[in-house]
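Colleague: Here it is: the structure, laid out below.
The values are calculated or read from the model by the stated rules, or taken from the named source; none is laboratory data. None of the values given here were measured: they were computed from a predicted structure. For neighbour counting, all protein chains shown are included, and Cβ atoms are generated from backbone atoms with ideal geometry for every residue, glycine included.
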Amino acid sequence: MTGGRQLSRWAGRALGHDFARLELLKQALTHPSADENNNRRLEYLGDAVLELVASDYLYKRHQKALEGGLTQLRQRLVQRATLASVAGEVNLAKYLRYKGADLAPDGPAHEAMLADALEAVFAAVWLDGGIEPAAAVFEKLFAQRLKSVADLPRDAKSLLQEYLQGRGFNPPEYRLAGSRDDPQAPSFRSVCKVPELSLSAEGEGRTIQASEVEAAASVLAAVGESP
């Protein structure tokens, strides 16, 4: 890793944040293979910080989107491949400290290392300046990427609600119809009802949300709409 002055300049240019405590950034860029004072704990915190600022950003800019669509887009933004790609765009690897051939640019663990380090950087920014700088860094790194992401994904629940709202109907009603308490393969059954159309359908999934999506998809199929 390069010297502190060059690292500070990189942070200001690439992240848009001037660190008051540069040691936080140095730790964020230190892989466990290189030192005991590494980024593992920062990675843990950064995962939560990144999810928070991403959720806030999407919530404010997609005010008509439902929970399912927002969750899907956030997952696409913070998944490992996306984080590693963003890290590559700002040349983060140049400032990383690590040891081991598998972590080298052509190694099998390089992508995971980049993604983890970027999460740790978000923790470092948050600890250094708080939530506002972390949100600003997110917007700088991800806002342009949002323009290249496909239209906000809409699951069957979102599509059904839009279908009903567009025709002046009330939102659908959901209730849990049953569950299987199996730690290895949990299962939930939910019912989706649209009283004004005298329609109802069941759906099953590994989560309540997934079972509701399946039920909504069945109702959409009944009215001739494809989820």
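Colleague: Taking only the range 25-42 into account, find how many residues are crowded, with 21+ Cβ neighbours inside 10 Å and assigned to a helix (DSSP H, G or I).
Modeller: Residues meeting the conditions: 4.
Colleague: Right, something else. Which residue pairs have Cβ atoms under 8 Å apart, sit 6 or more places apart or on different chains, and have a first residue in the range 198-209 that is without any contact (Cβ under 8 Å) to a residue 24 or more places away in the chain and a second that is surrounded by fewer than 16 Cβ atoms within 10 Å (Cβ to Cβ) and in a strand (DSSP E or B)?
Modeller: These pairs meet every condition: E204/S187; G205/S187; R206/S187.
Colleague: Please count how many residues of the range 129-159 are under 30 Å from S190 (Cβ atoms) and at pLDDT 95 or above.
Modeller: 0
Colleague: Return the residues of the range 6-16 that are touching a residue at least 12 places away in the same chain (Cβ under 8 Å), of a type outside the set (F, W, Y) and either surrounded by fewer than 21 Cβ atoms within 10 Å (Cβ to Cβ) or touching a strand residue (DSSP E or B) at 6+ places or on another chain (Cβ under 7 Å) (or both); say none if nothing qualifies.
Modeller: L7, S8, A14, G16
Colleague: Return the pair list, or none, for Cβ contacts closer than 7 Å from residues in the range 28-40 that are over 21 Å from W126 (Cα atoms) to residues that are among the basic types (K, R) and assigned to a loop (DSSP other than H, G, I, E, B), at least 6 apart or on different chains.
Modeller: Partner pairs satisfying both residue conditions: S33/K99; A34/K99.
Colleague: Please state which of the following conditions V125 fails to meet, knowing it meets all the rest: (1) in the same structural domain as K99 (by TED's automatic domain parsing); (2) out of contact with any His (no Cβ under 9 Å at 6 or more places or on another chain); (3) modelled with pLDDT of 85 or more.
Modeller: (2)
Colleague: Here's another thing I want to ask about it. Would you point out the residue of the range 208-227, among those that are in a loop (DSSP other than H, G, I, E, B) and surrounded by fewer than 16 Cβ atoms within 10 Å (Cβ to Cβ), that is modelled with the lowest pLDDT?
Modeller: S226
Colleague: Out of all the residues in the range 97-146, which are touching a residue at least 12 places away in the same chain (Cβ under 8 Å) and either in contact with a strand residue (DSSP E or B) (Cβ under 6 Å, 6 or more places away or on another chain) or of a type in the set (D, E, K, R) (or both)?
Modeller: Matches in the range 97-146: R97, K99, E111, D116, E119, D128, E139, K140, R145.
Colleague: Against the definition (among the basic types (K, R) and farther than 18 Å from D116 by Cβ), how does R40 come out, yes or no?
Modeller: For R40, the condition - among the basic types (K, R) and farther than 18 Å from D116 by Cβ - is not met.
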